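What follows is calculated from the coordinates using simple rules that are stated; it is not laboratory data. This structure is a prediction, so every number in the text was calculated from the model and none was measured. Every residue, glycine as well, gets a Cβ built from its backbone with ideal geometry; the counts of neighbours run over all protein chains shown.
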Amino acid sequence: MNGAPEDIEKLGFEDALNELEQIVRSLESGDGKLDDAISSYERGAALKKHCEGKLAEAKNRIEKISFSGQGGADTAPADLG
C-alpha cells in the first residue's frame, strides 16, 4: 500500500493511531537511548503515513456512497476533520 513494514500494513486505523500515540508519549518523556528514540521516530513516521492513507481511503469510500436526491453520486468533499 504505502511501503510501510508489513506489521504496520496489517493494522487498522485505531490500532495504528494508538501505537503512534504511545510512541509520541515515549518520545516526549525523553527517557531512553538515542538509538531507541530514532527507531521509535521512524516507526512513528510510518504509522502516521499509514493512518493518513486509511483516512484517505475512508474519505474516498464516503464520497463514493454519497448519493444525491436523483440517485446520482454526490462527489462533494467529505469533512472528516
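A compact table of results
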{"item": "Positive-end residue, segment 6-65 charge dipole about Cα centroid, Cβ charges, pick of His50, Leu34, Ile8", "result": "His50"}
{"item": "Highest to lowest packing among 47-53, 26-32, scored as the average C-beta count within 10 Å", "result": "47-53, 26-32"}
{"item": "Interchain or long-range residues, amide H under 5 Å from Ser66's placed H", "result": "Asp74"}
{"item": "From phi via Karplus (6.51, -1.76, 1.60), per-residue ³J(HN,Hα) for segment 6-17 in Hz, x at Gly/Pro", "result": "4, 5, 6, 4, 7, 6, x, 4, 4, 5, 5, 5"}
